[in-house]
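Bear in mind these aren't lab numbers, they're just calculated from the coordinates by the rules spelled out. Note that the coordinates shown come from a computational prediction; the quantities given were computed from them, not determined experimentally. Positions of Cβ are generated from backbone atoms using ideal geometry, with glycine treated the same way; all protein chains shown enter the neighbour counts.
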Number of protein chains: 2
Amino acid sequence: MMRSPQVRNGVVDTPSPSHFHSTVSVHKLRRFNILIIVFRFASFCFSLASTIFMFTNSRRGGSDFPQWHHFDAFRFVAVAGGIVALYSLFEVGASVWEISRGATVFPEPLQVWFDFGHDQVFAYLLLSADSAGTSLARTMRDMDTCKVNNAFCVQSDISIAFGFAGFMFLGFSSLLSGFRVVSFIINGSRFHV
Amino acid sequence: MMRSPQVRNGVVDTPSPSHFHSTVSVHKLRRFNILIIVFRFASFCFSLASTIFMFTNSRRGGSDFPQWHHFDAFRFVAVAGGIVALYSLFEVGASVWEISRGATVFPEPLQVWFDFGHDQVFAYLLLSADSAGTSLARTMRDMDTCKVNNAFCVQSDISIAFGFAGFMFLGFSSLLSGFRVVSFIINGSRFHV
């Protein structure tokens with residue numbers, strides 16, 4: 001059975017005041033998008049910091065001193081951090097574009113799946129790199145490397161810690177973009193009411 | 001505008017023959033559930049093999065010989081493999097229960113979220129462990145450990161490779177259980193038509 005609009009005093013009473021409704025959902029959408037920007041920007045900052053700390057982690061003074069690019073795991077940390085920083089920067093730009101123009105950069109179905117897919121893949125990439133880096137850093141503490149050149153080890157640890165922070169915020173972004181995918185599948189639009 | 005059922009020759013033509021429809025969807029559901037069981041069982045086998053290879057990876061003959069439990073990363077590999085093996089075994093049991101009885105072990109909303117959440121978390125755990133293990137294994141090849149005792153290194157490599165295979169199948173399961181979550185949110189049931 002269909003519910004028909006109620007007629008009172010000869011005036012048709014529409015069930016949902018649609019103007020009010022859409023205003024509320026626009027407000028919610030704006031808050032949601034700002035939250036995404038915050039997470040993406042945090043992820044950008046931390047992964048950029050991780051890359052910079054790792055790239056500058058070479059001690060001058062001859063070949064005896066450790067260089068970050070002599071170690072596979074540290075190269076992995078630097079590269080993964082750089083990739084995630086670039087991706088996050090692009091996503092911050094895409095979100096700003098979306099808020100200012102009210103439309104996505106790519107067509108909407110492509111955009112929501114692009115965001116979610118890349119969030120997932122890059123989160124795995126970054127976690128993998130930082131786990132490998134942690135393992136190497138721990139091994140170096142057991143060897144004599146850190147006793148001879150402690151600053152190298154400390155800077156590596158800081159870089160890896162920033163990488164894990166970046167991973168955390170990328171994971172949060174992944175939750176939100178997953179939510180947008182579900183919302184898109186249900187409503188046919190990324191707007192969640 | 002609503003589409004009304006078409007009336008031809010005085011007979012109401014219902015748009016979807018609902019009995020046929022539900023039979024098809026039950027067939028599809030069964031195939032989907034069997035695919036989940038296959039992935040979960042593969043994930044169980046590989047992660048169990050990973051754990052067993054790591055746990056038995058100690059060479060007798062005195063304290064000079066390397067033992068797996070002297071290395072943090074290898075302990076992490078062994079424990080993460082064990083956790084994922086237990087979880088996968090439980091999920092295989094839950095899927096068999098679901099196919100045989102037609103109902104989930106936990107209430108349905110809890111079950112779909114439980115599956116998806118644990119898939120995600122344990123996939124990250126296993127990937128992290130195996131990345132750390134890979135990094136340590138590579139470091140050991142550069143040192144003298146592997147020249148002295150090559151069997152230890154080979155067995156570690158095999159264990160880590162099994163771990164990555166387990167991660168891959170856990171990732172596939174995670175895709176399917178994510179699909180079930182979306183399906184549950186849309187249709188109010190895990191059955192996808």
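Brief remarks follow.
- Spin-label model, residue B:30 to residue B:142: label points 7 Å out along the Cα-to-beta-carbon direction sit 5.6 nm apart.
- For residue A:26, the point set 7 Å out from Cα toward Cβ sits 5.0 nm from its twins in the other copies, listed from shortest up.
- Each residue of region A:73-80 was assigned a 3J(HN,Hα) from its phi angle through the Karplus expression (A = 6.51, B = -1.76, C = 1.60, θ = phi - 60°), giving 5, 6, 4, 4, 4, 5, 5, 4 Hz with x at Gly and Pro.
- For region A:121-176, fraction of C-alpha pairs farther apart than 16 Å, in %: 45 percent
- For residue A:72, neighbours were defined as the other residues whose beta-carbon sits under 12 Å from its Cβ, and their charges (Lys and Arg +1, Asp and Glu -1) total +2.
- For B:125, B:29, order by how many other beta-carbon atoms lie within 10 Å, fewest first: B:29, B:125
- Approximate spin-label separation residue A:89-residue A:158, in nm, with each point projected 7 Å along Cα-to-Cβ: 2.1 nm
- Look at A:108, B:91 and count the other Cβ atoms within 10 Å of each Cβ; fewest to most, that gives A:108, B:91.
- Hits among aspartates and glutamates - C-alpha to C-alpha of residue A:147 under 14 Å, sequence gap 8 or more where chains match: A:64
- FRET efficiency, 1/(1 + (r/R0)^6) with R0 41 Å, evaluated for residue A:110 and residue B:69 via beta carbons: 0.25
- The residues neighbouring residue B:105, those whose beta-carbon lies less than 12 Å from its own, together hold a net charge of -3 under the Lys/Arg +1, Asp/Glu -1 convention.
- In this entry, region A:71-193 is assigned a mean projected area of 8.2 nm², taken as a quarter of its C-alpha convex hull surface.
- In this assembly of identical copies, the label point of residue A:99 (Cα plus 7 Å along Cα-to-Cβ) is separated from its counterparts by 4.9 nm, sorted shortest first.
- Amide H to amide H, with H built 1.01 Å from N, residue A:104 comes under 5 Å of no residue 5 or more places away or on another chain.
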